[in-house]
Amino acid sequence: MSPPEPHENLSPPLAAPVSGAPSMSAPIVTVHSTKLQGATAAALEICDLLDAKPDAVLGLATGGTMVGVYGALVEEVQRRGLDVSRVTTFNLDEYLGLDAGDPRLFRHFMDEHLFVPLGFNDAQVHFPDHVGARPRGADAVDAARQYEEAIQAAGGIDLQLLGIGRNGHIAFNEPGSSPRSRTRVVELHEVTRRDAAETFGGFDETPERAITMGLGTILEARALRVLAFGASKAPVVERLLRGAEDLDIPCTFLRERHGDIAVHLDIEAARLLP
Ligand code: F6R
């Protein structure tokens, strides 16, 4: 496998942005009483999008924050009787070094929480890795390039769901990631590996590398929906919404560089905001 590209990847986009950056305005921040209410609000917006645009392209995230979103989304899609057979999805990231079929792959998480319950087929869903899903026969660096091309070919992402790591990462854009970075192989940050260690049965067993959409890729989505719940996210939420851009805290690159950001928080995650 080729060595990972440095996080500080300042190479230009592979192609012109598909969406064009929307004009800037302050993020819309909603503080919900519970994380279930926050997750449900995001799910309802996705359902409204699917109602209006049955062939929407969704950018999806994994992690604890998203469990409630997908639970509410499945329920609401079924309640409204929406046809999701024309939806296309692109996940943000995937671990490297696990076997296809490993239950700790993000692909498995998505199957469990969203794709199987809604009957998505393999052709609808996309992951950036070369192991767990498409594109087949490519190494990770090829796969990263092909992922950018696949997003462009799908017409760009209509709505991108995002969680935030305690270290401020967005997808697996770890501290040091350029706001212009593209899909690439990355070394995972120690905090990220510590947060994942329980799933893998210890820090040393946790993957060291992953493949992730870049911040530049994410910023081209037409709408960004950021969710953060719990007190452990309060410091990065404060930086996301009030901090100056900082290479060490990647989420700080979202606020001033995108015109359609909504942020859903629970009370604990919002506790450092005025
Ligand atoms: C996952 C991802 C990560 C998570 C973040 C928060 O696809 O891209 O950036 O969104 O690590 O994870 P949780 O929700 O588990 O706190």
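The values are calculated or read from the model by the stated rules, or taken from the named source; none is laboratory data. Remember, predicted model here, so these are calculated numbers, not experimental data. Counting neighbours? That spans all protein chains shown, and the Cβs are built from the backbone with ideal geometry, glycine included. With ligands, DNA and RNA removed, areas are computed over all heavy atoms of the protein, side chains included. Shrake-Rupley method; radii C 1.70, N 1.55, O 1.52, S 1.80 Å.
Summary table below
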{"item": "Condition met for Arg166 (within 13 Å of the ligand (Cβ to nearest atom), touching a residue at least 60 places away in the same chain (Cβ under 8 Å) and among the basic types (Lys, Arg))", "result": "yes"}
{"item": "Cβ-Cβ under 6 Å pairs, at least 6 apart or on other chains, segment 222-235 side among the basic types (Lys, Arg), far side more than 9 Å from the ligand (Cβ to nearest atom)", "result": "Arg222/Ser19; Arg222/Asp158; Arg225/Ala42; Arg225/Ala262; Lys233/Ala269"}
{"item": "Only one of Thr212, Thr183 that is modelled with pLDDT of 95 or more, within 14 Å of the ligand (Cβ to nearest atom) and touching a Gly at 6+ places or on another chain (Cβ under 6 Å)", "result": "Thr183"}
{"item": "Residue that is most open to solvent (accessible area, probe 1.4 Å), among those in segment 63-90 that are of a type outside the set (Gly, Ala, Ser) and within 15 Å of the chain's Cα centre (by Cα)", "result": "Val67"}
{"item": "Flag if Asp248 is of a type outside the set (A, V, I, L, M, F, W, C) and outside any helix (DSSP H, G or I)", "result": "yes"}
{"item": "Selection count, segment 28-57, where residues are in contact with a Phe, Trp or Tyr (Cβ under 9 Å, 6 or more places away or on another chain) and within 21 Å of Ile151 (Cβ to Cβ)", "result": "1"}
{"item": "Condition broken by Glu94, with the remaining ones in (1) closer than 20 Å to Leu188 by Cβ; (2) charged (D, E, K, R); (3) away from the ligand (no atom under 14 Å from the Cβ) satisfied", "result": "(3)"}
{"item": "Filter result (farther than 12 Å from Gly165 by Cβ, part of a helix (DSSP H, G or I) and small (Gly, Ala, Ser)) within segment 218-244", "result": "Ala231, Ala234"}
{"item": "Checklist (1) more than 14 Å from the chain's Cα centre (by Cα); (2) surrounded by 22 or more Cβ atoms within 10 Å (Cβ to Cβ) applied to Thr212, failing item", "result": "(1)"}
{"item": "Residue ID - farthest from Phe127 (Cα to Cα), chosen from residues in segment 237-260 that are open to solvent by 10 Å² or more (accessible area, probe 1.4 Å) and aliphatic (A, V, I, L, M)", "result": "Ala244"}
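Yes or no, residue by residue, for (1) under 26 Å from Phe253 (Cα atoms); (2) of a type in the set (Ser, Thr, Tyr); (3) within 12 Å of the ligand (Cβ to nearest atom); (4) not in a loop (DSSP other than H, G, I, E, B):
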{"position": "Ser25", "(1), (2), (3), (4)": "yes, yes, no, no"}
{"position": "Val31", "(1), (2), (3), (4)": "yes, no, no, yes"}
{"position": "Gln37", "(1), (2), (3), (4)": "no, no, no, yes"}
{"position": "Ala42", "(1), (2), (3), (4)": "yes, no, no, yes"}
{"position": "Ile46", "(1), (2), (3), (4)": "yes, no, no, yes"}
{"position": "Asp51", "(1), (2), (3), (4)": "no, no, no, yes"}
{"position": "Thr62", "(1), (2), (3), (4)": "yes, yes, yes, no"}
{"position": "Val67", "(1), (2), (3), (4)": "yes, no, yes, yes"}
{"position": "Ala72", "(1), (2), (3), (4)": "no, no, no, yes"}
